[in-house]
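Here the structure comes first, spelled out in structure tokens, and everything after it is commentary.
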Amino acid sequence: ERSEQRMAVRRRQRRGPGGGRALLAALLLLLVCVWGRAAAERVRYAIPEELGRGSLVGPLARDLGLSADELPARKLRLSEEKQYFSVNEENGNLYVNERLDREEMCGDSATCSVSFEALVHNPLNVFHVEVAIEDVNDNSPVFSKAVLDLEIGEWISPGARFPLEMARDEDAGSNSLLTYQLTSNPSFSLVMKESPDGRKQPELVLEKALDREKQSTFELVLTAVDGGDPARSGTVHVRINVTDANDNPPVFSKNLYEARVAENLSVGSLVLRVQATDADTGSNGRVSYSFSNVPDTIRALFTVDSNSGEVRTAGPLDFEEKNKYIFGREATDGGGLTTHCKAQIDITDENDNAPEVTILSLSSPVPEDAPTGTVVALLKVRDRDSGENGQVSCELSGEAPLSIVASSGGSYKVVTAGALDREQASEHRVTVVARDRGRPALWSSTELVLEVSDVNDNAPEFEEAAYSAYVAENNAAGALVLRVQARDADAGANGRVSYWLAGGSAGAAGAAALVSVEARSGALYAQRSLDYEQCREFTVAVRAQDGGSPARSSTATVRVFVLDRNDNAPRVLWPAAAAGEGPGGAAAPPFEVVPRSAEAGYLVAKVVAVDADAGRNAWLSYELVQASEPALFRVGLHSGEVRTARAVGERDAAKQRVVAVVKDHGQPALSATATLHVVLAESLQEALPELSERPAGAEAAEAAAELQFYLVLALALLSALLVLSVALAVLARLRRA
């Protein structure tokens with residue numbers, strides 16, 4: 001039945017006589033929306049209670065200045081603890097998410113509203129939204145008793161008044177203003193008395209004297225009608241018994257009793273003591289106390305001692321739920337006369353609620369190049385206490401470049417207080433501590449974890465700014481020269497390093513002809529065989545580049561030293577192999593004339609030789625290997641000077657042939673020979689006859705040289721056959737395997 005009455009109320013509010021109020025509510029809603037747009041950070045709406053799920057509250061996105069195209073990117077959402085409302089992601093309208101009962105939500109409070117935050121991202125911002133819940137007349141007046149029993153003595157004079165129980169209406173405003181009606185009876189009438197709280201107290205007025213012998217009882221009906229549209233009503237039966245003399249009702253010492261107690265008072269504690277006196281004697285003067293018409297919530301929290309009138313706690317009191325209770329007290333004597341008073345109990349706040357910290361939004365990860373002051377988190381801090389007990393301060397605990405800034409409506413922003421560096425700390429953990437100002441203070445905390453994402457802010461760094469590499473000449477093409485390595489402190493693609501040739505002593509193109517670098521490993525390889533005699537050293541610039549955008553790079557210098565190998569035999573410069581053309585086209589070797597009077601140590605000639613190698617490979621030594629008179633000549637080991645070992649004798653042949661070998665100090669050593677012809681004569685004229693006999697000796701020398709050539713050729717052929725045989729044997733074995 002109550003549901004049908006509510007449906008009727010809604011239909012009348014939408015059409016018919018209530019159309020004016022609906023139009024007024026629509027205009028009020030429009031004004032609130034316009035005011036909310038101008039307020040920039042606060043939006044207010046007003047809706048009637050009992051709206052169905054899915055009913056439109058207002059165009060929230062439009063009032064926040066968001067267009068339909070912006071909604072997907074801005075991610076509009078709500079942060080309320082109880083989801084009374086929801087927002088449509090497509091059009092941004094605010095809708096009712098569940099049935100709203102004003103009386104259940106706010107009790108008998110004069111105003112009722114729901115506040116929450118609307119969050120938008122990119123950029124992050126918070127707006128405060130308040131929806132006022134307006135009362136509709138969905139509750140009928142209710143009496144606490146089905147029947148009111150009154151006892152009136154027949155001696156009571158006409159005009160006497162008897163207070164009747166007031167009905168209770170859960171609605172607010174004009175919907176809870178009650179008027180009373182009484183069924184017509186010539187002996188009684190109904191008048192209204194203004195109570196201290198502005199409500200009307202119904203009183204029964206005796207219009208004419210009663211005669212118990214004629215009529216001992218009366219049955220009347222008292223009707224309470226509220227001020228709603230349409231009005232609702234409730235009834236109670238009034239049963240009047242006509243009795244003999246009880247002419248003094250109880251009298252309270254005050255019309256209003258007040259008390260102030262702290263919340264969390266233990267059950268059974270004394271709250272208030274009231275007292276009423278009755279001038280009658282006996283049972284007519286015995287007073288009992290009880291509640292006047294009060295809701296069940298009052299009876300659950302307080303009890304009344306019927307004999308003493310003391311009010312004690314029956315349940316826990318909570319300032320945050322309700323800070324004031326006003327209810328009626330009733331005193332009844334033994335004759336049935338009743339009087340009423342009011343009791344007001346104020347609840348004082350105790351610091352019994354710790355602050356609550358809620359993370360509304362967290363932007364994690366945050367790039368490490370985020371500027372100082374970037375908002376990374378939005379927090380909501382709430383303390384249900386009031387006064388200083390509800391005043392909260394927030395701080396961050398932990399080592400991190402973050403700070404917390406107070407915003408409006410109990411919100412806080414966590415912002416960056418300095419530069420972030422992912423390479424030093426990839427995440428930051430801080431504790432948000434909220435502390436109230438109560439005594440003792442209560443506090444709560446929540447951990448905030450902020451991850452830092454990488455940006456390409458570090459260039460690769462080589463282990464060394466300059467490298468040195470040593471490569472022996474005659475190396476194989478593709479031989480490893482050196483491996484360079486650069487490290488990048490960034491992560492992912494930003495820290496992935498590639499290597500390139502950037503130039504060198506011969507430029508990038510010249511360096512590329514000598515060496516190459518592997519892009520991933522940084523290994524340098526020789527492109528061809530190196531020759532110490534052509535290039536003893538060269539430099540290469542290697543560039544390390546990361547994979548970031550834009551890319552960062554650094555350069556290192558590689559200096560390559562070519563090491564010498566003994567690959568060059570000594571070359572004899574003097575005596576030359578042939579100095580001119582002789583008779584018959586034969587080559588005439590050089591000769592030296594030594595006088596026969598030469599003593600020991602006479603300088604005959606000096607063998608001059610050079611070696612293209614370097615170091616020990618170019619150190620030359622000289623040795624006499626063949627001579628016509630071996631005892632006649634000697635050669636300086638390091639100087640190459642050919643001197644006489646003794647004095648020249650008369651018996652010594654006029655023509656002498658001296659052969660010296662020149663060897664280097666390489667491993668293995670390489671050598672060359674030098675042949676020197678010596679004529680023993682006092683003068684050149686004396687030596688000429690000896691030189692004319694040279695062709696015969698030359699032919700013998702040519703024959704010996706030709707024989708030596710064939711011997712060497714035969715030895716080379718035998719060595720080649722041996723190597724070929726071994727190779728064929730190995731191939732045959734591999735093929736069988």
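The values are calculated or read from the model by the stated rules, or taken from the named source; none is laboratory data. The structure displayed is predicted, hence computed values, not measured ones. All Cβ positions, even for glycine, are placed from backbone atoms using ideal geometry, and neighbour counts span all protein chains on display. Heavy atoms of the whole protein, side chains included, go into the accessibility calculation; ligands, DNA and RNA do not. Shrake-Rupley method; radii C 1.70, N 1.55, O 1.52, S 1.80 Å.
Within region 586-648, considering only strands (runs of 3 or more DSSP E) that don't extend past its boundaries, which have at least 2 residues that are at pLDDT 90 or above?
Strands (runs of 3 or more DSSP E) meeting the threshold: 603-606, 608-610, 621-627, 633-635, 641-644.
If a residue must be closer than 21 Å to A425 by Cβ and among the hydroxyl-bearing types (S, T, Y), how many such residues does region 446-485 contain?
2
Among the residues of region 646-677, which ones are crowded, with 17+ Cβ neighbours inside 10 Å, aliphatic (A, V, I, L, M) and either outside the structural domain of V608 (by the TED database) or over 19 Å from L573 (Cβ atoms) (or both)?
V648
Considering each of V414, V405 in turn, give the residue that is out of contact with any helix residue (DSSP H, G or I) (no Cβ under 6 Å at 6 or more places or on another chain), without any contact (Cβ under 8 Å) to a residue 24 or more places away in the chain and more than 30 Å from R260 (Cα to Cα).
V405
Return a yes/no flag: does region 294-305 have any residue that is open to solvent by 50 Å² or more (accessible area, probe 1.4 Å), at pLDDT 90 or above and in a loop (DSSP other than H, G, I, E, B).
yes
Every residue in region 106-145 that is open to solvent by 30 Å² or more (accessible area, probe 1.4 Å), assigned to a strand (DSSP E or B) and either in the same structural domain as D296 (by the TED database) or in contact with a strand residue (DSSP E or B) (Cβ under 6 Å, 6 or more places away or on another chain) (or both), please.
Within region 106-145, S113, S115, E130, A132, E134, V142 qualify.
With respect to E388, determine if the residue is crowded, with 17+ Cβ neighbours inside 10 Å and out of contact with any His (no Cβ under 9 Å at 6 or more places or on another chain).
no
Does E451 satisfy the condition of being at pLDDT 90 or above and surrounded by fewer than 20 Cβ atoms within 10 Å (Cβ to Cβ)?
It is true that E451 is at pLDDT 90 or above and surrounded by fewer than 20 Cβ atoms within 10 Å (Cβ to Cβ).
Residues checked against (1) open to solvent by less than 60 Å² (accessible area, probe 1.4 Å); (2) outside the structural domain of A160 (by the TED database); (3) among the charged types (D, E, K, R):
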{"site": "N264", "(1), (2), (3)": "no, yes, no"}
{"site": "V267", "(1), (2), (3)": "no, yes, no"}
{"site": "A276", "(1), (2), (3)": "yes, yes, no"}
{"site": "N284", "(1), (2), (3)": "yes, yes, no"}
{"site": "E320", "(1), (2), (3)": "yes, yes, yes"}
{"site": "G335", "(1), (2), (3)": "yes, yes, no"}
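Being in the same structural domain as P202 (by the TED database) and modelled with pLDDT of 85 or more is true for just one of E170, E154, E165. Which residue is that?
It is E165.
Before we move on, is S386 modelled with pLDDT under 90 and in contact with a Phe, Trp or Tyr (Cβ under 9 Å, 6 or more places away or on another chain)?
yes
Yes or no: T374 surrounded by fewer than 21 Cβ atoms within 10 Å (Cβ to Cβ) and within 35 Å of the chain's Cα centre (by Cα)?
yes
Within region 316-327, identify whether any single residue is over 17 Å from F291 (Cβ atoms), touching a residue at least 40 places away in the same chain (Cβ under 8 Å) and assigned to a strand (DSSP E or B), and answer yes or no.
Within region 316-327, none of the residues are over 17 Å from F291 (Cβ atoms), touching a residue at least 40 places away in the same chain (Cβ under 8 Å) and assigned to a strand (DSSP E or B).
Failed condition for E219, given (1) more than 30 Å from L317 (Cα to Cα); (2) in contact with a Lys or Arg (Cβ under 8 Å, 6 or more places away or on another chain); (3) at pLDDT below 90, with all others met?
The number of the failed condition is (3).
One line per residue, one yes/no per condition, for (1) modelled with pLDDT under 85; (2) under 18 Å from S468 (Cβ atoms); (3) open to solvent by less than 80 Å² (accessible area, probe 1.4 Å); (4) in the same structural domain as V497 (by the TED database):
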position: A541; (1), (2), (3), (4): no, yes, yes, yes
position: D546; (1), (2), (3), (4): no, no, yes, yes
position: P550; (1), (2), (3), (4): no, no, no, yes
position: S554; (1), (2), (3), (4): no, no, yes, yes
position: T557; (1), (2), (3), (4): no, yes, yes, yes
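Name the residue that is farthest from A605 (Cα to Cα), counting only residues in region 632-688 that are in contact (Cβ under 8 Å) with a residue 12 or more places away in the chain and of a type in the set (K, R).
If we take residues in region 632-688 being in contact (Cβ under 8 Å) with a residue 12 or more places away in the chain and of a type in the set (K, R), then K663 is farthest from A605 (Cα to Cα).
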